[in-house]
Amino acid sequence: GLPAALPALPLELTVLYNSLLFTVGASDSAIRGEAEGIRQGLLRVLEACGACGQDLGTEELWEKVLQEVTVEELQAPLHRLAALQAAWWLAASQLGSVAGLFQLLSTTEDPGRAHCSEGQNKLLSMIKAWRVPPEGASLPLVQSAKDLKEILCTAAAFLQGLQELEAGNFPTALSLLLEAAGGFCSKNILAQIYTCLGCCAQRMGKPQTALQHLKRALQVDFQCLPALSHVAAVYHELGETDAELQALTLLYEALGKSPPAAASSSPYFLMRTELLVHAPVLTSLLRHRHPSEVKYLLAQRCLQNGRVADAVEHYLDFLSLLQEGLQQQVPLDGSSALPRIPEVFLEAASALEQAGRHQDAITVCEEVISRTTDLIPRVLRVEERLEQPESSSPGAELAGGLLSQKKESLCCLAWRAAGYLHQGWAWAKLGESKEAVTQFSRCLSDLLRVQLHGSGVKRTENLQPEVEVLQKIRLLSLIGRGAQFLELGRNKEALLDFQHSLQISPGDPAAVSYLVQALWKLNRKQEAAAQWQKFSQSSPGEDGQQQGQGRPLPLYLVSCLEQAVFPHSEPLARSIQDYLGAAAQDTS
């Protein structure tokens, strides 16, 4: 409450500088909001000089103080306070304000020095050009202005590098992040910078460089587990499965031992780089995966690469984690690597089938079927494309909710139908053709709930993703049931199924081959030979194009697609060739 007096202001501003640093250091959390103490200090300076600035914003207040207050004894404490103000603005990503402040500081020192060389970063140039005021022995500082300047340079480079990375300006981001890596920071921040450098190099299409940066991050601080997660992603991109699985295994083990250690920051500095940089993109890049996500990735990668025994082990471990309240522990903001839980069950069933554990696969699928039964309406009317209504149109919120509900119903239907599909193939592998037919029929009966409306109903490439998956399940189920009908000698029923499957996917190689076999068994050999010739004469790319149309299949359907492949191509081809040869001789 004392009136401001010029002789006491250097001490007053130094005490303010130290107290703000103590406050920041004691909180040990990211700086947010305004530094009201700094504003009050500036107003005290103006008051002592007989001026007023109550109505001015913070930037205007600094401009007035630095331009009008020329008392020599106040210059050093004002410059130190300005560095603290810059820290607050950096933490708020107000880079323009920081650059303007250092422009003012440099101009008041030497009007000719405040310039930026071409090709240099303007903000970094401004901070580096600032001359740190000398420290007086009578007024000790809890953190020197020189150290604060170094921290500001590192934080400014790091923050701008993150902004350029998010904007897709990768060369500029790389340059700024490298500048930050050479700056003044703790080990954990240096590891974070190298992790960001790795991500930047990866997005630039330089995976080997990315690996070098990420490995450097782990050398600096092995507790920087996001770097290990990114290492696995780079190896996945390179197709180096062994290295990827090794990285994921290390990550899973590290996550299981203990939570990541607290930041190993230096105890000597109250103001630190980590308190100034908290951009959303950094949070995203450094997100710590939950152990269950890593376990799922291990299972998924093993299944994708044919390591069935390992996949089964990882999937079963993951399913056991579900009993520990997994859904409450994994983030639901879209950042998680986990798919929907029914899909994980179906992938596990697929792995069990491929491992020859057919009865276990049937049990896992039964869990999916029982959990989704009550979630599917009796009839589901679907247009070819469910258009998202304009957000400004009347009833848009209601229409959007109905759209979301319909998509959810389609997903539940796909999971339940896929459960029956997997059970059908599992029973077939067990030699139980009648039970297999029952499960395939249940799958097809489920799919009859969908009433598809719109032109080009049979052209799956025009359908929304959920309906496209349903059409693929229907195709695989028809082929599966038809194959079991052939096993049971019910050749006419088999023929009908293969004809229907070709209506869904004209030219599908498996469906055509099975159709030819059904015709052959029905002694309609001329038709069979004609179909076979037509199929054989189609261009080599056509069938592959038909097979790979649309979006990638869900992983849980890949094994069903493989099981649907016709297994007797060569014997059937020989029989037809012999038939055609004999027919040609009879004609001659």
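The values are calculated or read from the model by the stated rules, or taken from the named source; none is laboratory data. Predicted, not measured: the structure shown is a model, and the values here were computed from it. When we count neighbours, we look across all protein chains shown, and the Cβ atoms used for this are built from the backbone with ideal geometry, even at glycine. We work out accessible area using only protein heavy atoms, side chains counted, and drop any ligands, DNA or RNA first. Shrake-Rupley method; radii C 1.70, N 1.55, O 1.52, S 1.80 Å.
Identify, from the list GLY25, GLY57, GLY37, the residue that is free of Cβ contacts under 8 Å to residues at least 12 places away in the same chain and not β-branched (Val, Ile, Thr). Can you show your working first?
Details: GLY25 fails: free of Cβ contacts under 8 Å to residues at least 12 places away in the same chain; GLY37 fails: free of Cβ contacts under 8 Å to residues at least 12 places away in the same chain.
Answer to the selection: GLY57.
Somewhere in segment 331-342, is a residue open to solvent by 50 Å² or more (accessible area, probe 1.4 Å), modelled with pLDDT under 95 and more than 17 Å from the chain's Cα centre (by Cα)?
Of segment 331-342, the ones open to solvent by 50 Å² or more (accessible area, probe 1.4 Å) are 332-334, 340.
Subset that is modelled with pLDDT under 95: 332-334, 340.
If we keep only those that are more than 17 Å from the chain's Cα centre (by Cα) too, we end up with none.
Looking through segment 331-342, none of the residues is open to solvent by 50 Å² or more (accessible area, probe 1.4 Å), modelled with pLDDT under 95 and more than 17 Å from the chain's Cα centre (by Cα).
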Are any of the residues in segment 71-80 part of a loop (DSSP other than H, G, I, E, B), surrounded by fewer than 13 Cβ atoms within 10 Å (Cβ to Cβ) and on the phi < 0 side of the Ramachandran plot? no
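Checking the condition open to solvent by 20 Å² or more (accessible area, probe 1.4 Å) and at pLDDT below 85, which residue from GLY57, GLY50 passes?
None of the other options fit; the residue is GLY50.
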Restricting to segment 343-355, give me the number of residues that are open to solvent by 30 Å² or more (accessible area, probe 1.4 Å) and assigned to a helix (DSSP H, G or I). 3
Scan segment 136-169 residue by residue and report those that are touching a residue at least 24 places away in the same chain (Cβ under 8 Å) and acidic (Asp, Glu). ASP147, GLU150, GLU166
In segment 381-412, anything open to solvent by 10 Å² or more (accessible area, probe 1.4 Å), in contact with a helix residue (DSSP H, G or I) (Cβ under 7 Å, 6 or more places away or on another chain) and at pLDDT below 75 is listed as GLU384, LEU386, GLN388, PRO389, GLU390
Can you confirm whether LEU101 is in contact with a Leu (Cβ under 6 Å, 6 or more places away or on another chain) and modelled with pLDDT of 90 or more? no
Give segment 413-462 a look and list any residue that's at pLDDT 95 or above, more than 21 Å from TYR556 (Cα to Cα) and either in contact with an Asp or Glu (Cβ under 7 Å, 6 or more places away or on another chain) or open to solvent by less than 10 Å² (accessible area, probe 1.4 Å) (or both), or say none. SER433
Could you please find all residues in segment 293-318 being surrounded by 23 or more Cβ atoms within 10 Å (Cβ to Cβ) and among the small types (Gly, Ala, Ser)? ALA299, ALA311
Where the second residue is charged (D, E, K, R) and part of a helix (DSSP H, G or I) and the first is touching a residue at least 24 places away in the same chain (Cβ under 8 Å) and lies in segment 505-526, which pairs have Cβ atoms under 8 Å and are six or more apart or on separate chains? GLY507/GLU542; GLY507/ASP543; ASP508/ASP543; PRO509/ASP543; LEU519/LYS525; LEU519/GLU527; LEU522/LYS492
Within segment 25-83, restricting to residues that are of a type in the set (Val, Ile, Thr) and in contact with a Leu (Cβ under 8 Å, 6 or more places away or on another chain), the one that is nearest to ALA5 (Cα to Cα) is VAL45
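Based on what the data block shows, is GLU237 surrounded by fewer than 23 Cβ atoms within 10 Å (Cβ to Cβ), farther than 25 Å from HIS314 by Cβ and among the acidic types (Asp, Glu)?
no
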Can GLN545 be described as modelled with pLDDT under 90, outside the structural domain of ALA428 (by the TED database), open to solvent by 70 Å² or more (accessible area, probe 1.4 Å) and among the polar types (S, T, N, Q)? yes
State yes or no: is ALA217 crowded, with 21+ Cβ neighbours inside 10 Å, under 21 Å from the mean Cα position of the chain (by Cα) and in contact (Cβ under 8 Å) with a residue 40 or more places away in the chain? no
Determine whether segment 141-149 contains at least one residue that is surrounded by fewer than 17 Cβ atoms within 10 Å (Cβ to Cβ), within 25 Å of the chain's Cα centre (by Cα) and assigned to a helix (DSSP H, G or I). no
